[in-house]
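The values are calculated or read from the model by the stated rules, or taken from the named source; none is laboratory data. None of these values were measured; they are calculated from a predicted model. Here the Cβ is made from the backbone with ideal geometry for all residues, glycine too, and neighbour counts use every protein chain on show.
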Amino acid sequence: MVTALVLTGCQVPGFGAFPGKTAQGQDAFKLWQGFFIAGLVIGVFVFVLILWAVFRYRRRSEEMPNQTQYHTLFEIAYTVVPIVVVLVMFVFVFVTENNITAISDKQHVTVNVTAFQWGWEFQYPQYSNVKVIGVETQTPQMVVPAGETVRIFLRSDDVIHGFYVPEFNYSMYAQPGRTNQFDLNITRTGTYRGQCTQFCGLYHSLMLFSVRAVTPGAFQSWAQQEESSQSSSNSSSGPAQQNLGNQSQSLKSPSAAAPLTSHTAKGAIGD
Amino acid sequence: MTEVISRPLSGGAPEVPVVHDDGTDHGHAEHGATGILKWLTSTDHKVIGVSYMITSLVMFYLAGIMALIMRLQLWDPHSSLVTPQAFNELFTMHGSLMLYLFAGPFAFGGLANYIVPLQVGAPDMAFPRLNALSYWLYLTGSITILMGFFVAGGAASFGWVAYAPLSSAVNSPGAGADVWMMGLALTGFSAIFTGVNLCGTIFYLRAPGMTMFRMPIFTWNMLVTGILILIAFPVLTAAIVMLFADRHFGTHIYDVLGCHLISGRPTPNACGSPLLWQNLFWFFGHPEVYILALPFFGIVTEVLPVFSRKPVFGYKGMVFATLSIAALSTGVWAHHMFTTGAVLLPFFSLLSLLIAVPTGIKFFNWIGTMWRGQLLFRTPMMFSLGFLFAFLMGGVTGVMLAAPPIDFFTHDTYFVVAHFHQVLFGTAVFAGFAGLYYWYPKMFGRMLNEKLGHWHFWLTFIGFWLTFMPQYVVGLKGMPRRVAYYPSGLGWQIYNQLSTIGAFMIALGFLLLLINFVVSWRNPVLAGDNPWDAHTLEWFTTSPPPHHNYTHLPPIRSERPTWDYNHPDALALKHGPHATASGNGRNGSDGSKEKVSV
């Protein structure tokens, strides 16, 4: 505990975690602060008890200590008190979890995120399926509006991946055969780094992406610009299609360069 | 042959070389086989236990070397020491060796095999030949897993959890994956047989007077561990069989590829599910965490009272805490899967948080055991204290991870790596080696060197904090686990370098352990029967014990028969202000010199 404080330096209020650049991330951050303080208090209490026992009761003589075996009152106390503490903590967990996983019914920008070995595809169904693809040699960027609700539909083409943006205090698995959805309410514009967290094979370490949060106006103009430049190569394709049928083609490539070609080829066939 | 009965031990004078050995090898006369043949054919639980410990220690050192190579790779963000493929093989095998082949087998195959029959006053395990089969299956399985390094395509490289569909034939085509699965199935059977043996021994072979509530806590914990093994390991073995069928027999239990093939159109919900693997694996995996923890809790509960010269505080609370941990551990597996988005039920969070309660009870009981005692800091005690600090830190961060909102941003980062290493290092290493230092004199009749032991402890203890505390920090900064490279310029490097330095300190400590073994072998300091003035039955017989363990037993009137026998004068002290329950030892006060023949 003490070491953790020293190591995290002067960011004591954050205890090493990011304050969160999304509304959801800020909720998680507050829970983290609460848990850290609770953990610190309990941890230091037990730590001091152990240290006290170690230093106070060093063997100084051959005198036989009292052979105490039970103390019912203490035993009941340290059973009941932790139960109460845990239940109180659970209430906070429950409330925060519901806030973070809540799906809003307001207007939102949808992004279909597809993970594959070893890159990402970001597709915007509301903007003629504008698409951004990148692999480990060429990091893709997801452009989204700040200050609006962004709905992510997350899935994978091959193995399980993890969609993780540290500064959002959030991660979620991208899985084959299952689509996860969640909302991000990014509060500040900026570029945030993201990375695959769930081990997914050879080049897992290099499966990076970034999120660029811009003003809603800038987002609109970016999307329209992309629409016009991509319109020639894109035909219509629903957000939930273009999946399982072509999986086998994007699997297991021997070299770093191969996934790029195989996936691009697959995308073309799929559409 | 043995004059142990007539000689009450006076206090703890550890290094007095008391020789009872009259020169003949106990047991061999009646058993015949000696030398290498003894090790190959024996069904004696002590021989098998030592074989288990030697094999699991070899696995521990091998896995440690793999960890050192990984730490060297991470010294630099773009190090080219090993290839990404080699790195993936290294962390897969490091985890597999440490969890499947060291921590479990060392505890329930090694220490428990040796100690449990002695602690309950039994001549051997309930099924000695099954016990031998367990060991040979374990050895064969271990060699099979290690063979992965020598097949084309290299060893398994999908992590020790082998998540589907990364572990499928398409994504992991090599034979390394197959030998990993075969080896795991073999060691799984070995564990199941050992679980049966432990339960059978503890239920049926207890000596007269050894009631359930007089069993040492170590034996209690091994009973519960045995039951957990019977709950968890068959699930793993079955899951692996299905994975193998997916890989070789064309089934589609864990992959969605087959959905398309069977129905002709992409209908993800119609057939196989990668999530099923995770559910099955963690239904094994979370009880497994406690299979790897309870034996070590038991060791600490043996060591702390002996070196505090007090009985276990809250013995019955300890037993019920163990039982509730076991019960809760079967209902928390989905906390490994919060970020799948599929099992995000508050139930799993609540149960995970609740496990902190019985664990907390254990902590307070351990502190209560030391409270107002006479603490003597021999090496086993030092390692037990190291366990307390390590497990405290690992436990507190574990409570944090039980909260899904916190788990979301720490899952699969180095925060989790630091957490489970603090838990598992705390149990399997600190408590495990506390057990080794504690029982080594019983097993080999000679002491380990105290000075080397203390150096071993301090190097390991300081190295431990230096290795894992920076990993919490770098995890919160966003560094994922299982990466061979990481971006430079994010300030992650310094934490990784601190970690690497710490890892090498630990390695140095464990080099000293090897030296300690050599010293004890070359220049033996004889241990005598009971060098620690310990409490439990195993310290009543000779060191090492004769072939069938006991020629005589002391009266068993409490959970500390050897102590009662050696301290008839201390019985009066038992009736302290709060020594109420169970009336331990009262009946023994007038009969402490009586003998029970077996």
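When B:Phe347 is tested against the conditions (1) within 28 Å of A:Val44 (Cβ to Cβ); (2) at pLDDT below 95, the lone failure is (1). Are any of the residues in the stretch B:373-383 over 22 Å from B:Leu436 (Cα atoms) and touching a residue at least 24 places away in the same chain (Cβ under 8 Å)? Yes, that holds for at least one residue. Quick one: would you say B:Ala169 is hydrophobic (A, V, I, L, M, F, W, C), in contact with an Asp or Glu (Cβ under 9 Å, 6 or more places away or on another chain) and within 14 Å of chain A (Cβ to nearest Cβ)? Judged against the criteria, B:Ala169 is a match.
Going by what's in this entry, would A:Asn185 be described as away from chain B (no Cβ under 11 Å) and either at pLDDT 95 or above or not in a loop (DSSP other than H, G, I, E, B) (or both)? So A:Asn185 passes the test. Consider the stretch A:99-125 and keep the residues that are of a type in the set (D, E, K, R) and part of a loop (DSSP other than H, G, I, E, B). The one that is nearest to B:Gly341 (Cα to Cα) is A:Asp105.
Pairs linking a residue in the stretch A:201-221 that is without any contact (Cβ under 8 Å) to a residue 12 or more places away in the chain and closer than 20 Å to B:Ala162 by Cβ to a residue that is charged (D, E, K, R) and surrounded by 17 or more Cβ atoms within 10 Å (Cβ to Cβ), with Cβ atoms under 9 Å and 6 or more positions apart or on different chains, are A:Ser205/A:Glu136; A:Ser205/B:Arg482. In summary, B:Glu559 fulfils each of the numbered conditions (1) farther than 29 Å from B:Val306 by Cα; (2) within 14 Å of another protein chain (Cβ to nearest Cβ); (3) in contact with a helix residue (DSSP H, G or I) (Cβ under 7 Å, 6 or more places away or on another chain); (4) not β-branched (Val, Ile, Thr) with the single exception of condition (1). A:Pro82 meets the stated requirement of being within 7 Å of another protein chain (Cβ to nearest Cβ) and either in contact (Cβ under 8 Å) with a residue 40 or more places away in the chain or in contact with a Gly (Cβ under 7 Å, 6 or more places away or on another chain) (or both). Candidates B:Thr144, B:Thr140: the one that is at pLDDT 95 or above, surrounded by fewer than 19 Cβ atoms within 10 Å (Cβ to Cβ), among the β-branched types (Val, Ile, Thr) and part of a helix (DSSP H, G or I) is B:Thr140. The single condition among (1) among the aliphatic types (A, V, I, L, M); (2) closer than 20 Å to B:Gly104 by Cβ; (3) surrounded by 17 or more Cβ atoms within 10 Å (Cβ to Cβ) that B:Ala177 does not satisfy is (2). Inspection of the stretch B:523-532 identifies at least one residue that is assigned by TED's automatic domain parsing to the domain that holds B:Gly314 and without any contact (Cβ under 8 Å) to a residue 12 or more places away in the chain. Of everything in the stretch A:139-154 that's aliphatic (A, V, I, L, M) and within 17 Å of A:Phe209 (Cβ to Cβ), which residue is farthest from the other protein chains (Cβ to nearest Cβ)? Of everything passing the filter in the stretch A:139-154, A:Val143 is farthest from the other protein chains (Cβ to nearest Cβ).
B:Ile367 satisfies every condition listed in (1) in contact with a Leu (Cβ under 8 Å, 6 or more places away or on another chain); (2) surrounded by fewer than 24 Cβ atoms within 10 Å (Cβ to Cβ); (3) facing chain A (nearest Cβ under 8 Å); (4) under 24 Å from A:Leu31 (Cα atoms) except (4).
None of B:Gly159, B:Gly154 is closer than 20 Å to A:Ser205 by Cβ, touching a Lys or Arg at 6+ places or on another chain (Cβ under 9 Å) and of a type outside the set (Asp, Glu) except B:Gly159. Scanning for something under 30 Å from A:Cys196 (Cα atoms), in contact with a strand residue (DSSP E or B) (Cβ under 7 Å, 6 or more places away or on another chain) and among the polar types (S, T, N, Q), does the stretch B:403-419 turn up at least one residue? The answer is yes, given that some residue of the stretch B:403-419 is under 30 Å from A:Cys196 (Cα atoms), in contact with a strand residue (DSSP E or B) (Cβ under 7 Å, 6 or more places away or on another chain) and among the polar types (S, T, N, Q). A single entry from B:Ser329, B:Ser352 fulfils the requirement of being more than 8 Å from chain A (Cβ to nearest Cβ), buried (at least 23 other Cβ atoms within 10 Å of the Cβ) and under 19 Å from the mean Cα position of the chain (by Cα): B:Ser329. Restricting the stretch A:155-181 to residues that are in a strand (DSSP E or B) and more than 8 Å from every other protein chain (Cβ to nearest Cβ), the residue that is nearest to A:Gly20 (Cα to Cα) is A:Val165.
From the list B:Leu280, B:Leu323, the one residue that fits, being surrounded by fewer than 21 Cβ atoms within 10 Å (Cβ to Cβ) and away from chain A (no Cβ under 12 Å), is B:Leu323. Within the stretch A:85-117, the residues that satisfy the criterion of being within 7 Å of chain B (Cβ to nearest Cβ) and touching a residue at least 40 places away in the same chain (Cβ under 8 Å) are A:Met89, A:Val93, A:Thr96, A:Ile100, A:Thr101.
Mind checking which residues of the stretch A:181-198 are in contact with a Ser or Thr (Cβ under 8 Å, 6 or more places away or on another chain) and either among the β-branched types (Val, Ile, Thr) or surrounded by fewer than 24 Cβ atoms within 10 Å (Cβ to Cβ) (or both)? Of everything in the stretch A:181-198, those that are in contact with a Ser or Thr (Cβ under 8 Å, 6 or more places away or on another chain) and either among the β-branched types (Val, Ile, Thr) or surrounded by fewer than 24 Cβ atoms within 10 Å (Cβ to Cβ) (or both) turn out to be A:Phe182, A:Asp183, A:Asn185, A:Ile186, A:Thr187, A:Thr189, A:Thr191, A:Tyr192, A:Arg193, A:Thr197.
Taken over the stretch B:147-160, the residue count meeting the criterion of being in a loop (DSSP other than H, G, I, E, B) and either more than 9 Å from every other protein chain (Cβ to nearest Cβ) or in contact with a Gly (Cβ under 6 Å, 6 or more places away or on another chain) (or both) is 7. There is at least one residue in the stretch B:285-292 that is under 18 Å from the mean Cα position of the chain (by Cα) and free of Cβ contacts under 8 Å to residues at least 60 places away in the same chain.
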